[in-house]
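Novice: Mind looking over this structure? Questions follow.
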Amino acid sequence: MQANVGGIDRILRIVVGIVLIALAASGSVGAWGYIGVVPLLTGLVGWCPAYLPFGFKTCKTHS
């Protein structure tokens, strides 16, 4: 599992994930807000399975 999520992408995923989970926990958006676990985890791990079929990477590659 090679990293395919870079710096800004990771930060945005973590922030969006936390916001969605917080909104769901407060009852503002309902249970669907817990889908924020997905961007939170992909941001923390640095790997997104949805990027694989397209060969997409937002991280810098090492030569």
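Novice: Subtract the Cα-Cα distance of A3 and V15 from 0.36 nm times their separation in residues, and report this length gain in nm to one decimal.
Specialist: On the way: separation 12, 0.36 × 12 = 4.32 nm, distance 1.89 nm.
Separation in residues times 0.36 nm, less the Cα-Cα distance, equals 2.4 nm.
Novice: Restricting things to Cα coordinates, could you compute the convex hull volume per residue of the chain in Å³?
Specialist: Considering the Cα atoms of the chain, their hull volume per residue is 77 Å³.
Novice: Residue separation times 0.36 nm, minus the C-alpha to C-alpha distance between V37 and A25: what's the value? Could you put the intermediate results ahead of the total?
Specialist: Values: separation 12, 0.36 × 12 = 4.32 nm, distance 1.21 nm.
Stretched out fully, the V37 to A25 stretch lengthens by 3.1 nm.
Every read-out reported here was derived from the displayed coordinates using simple, explicitly stated rules and does not represent laboratory data. What you see is a predicted model, and the numbers here were worked out from it, not measured in a lab.
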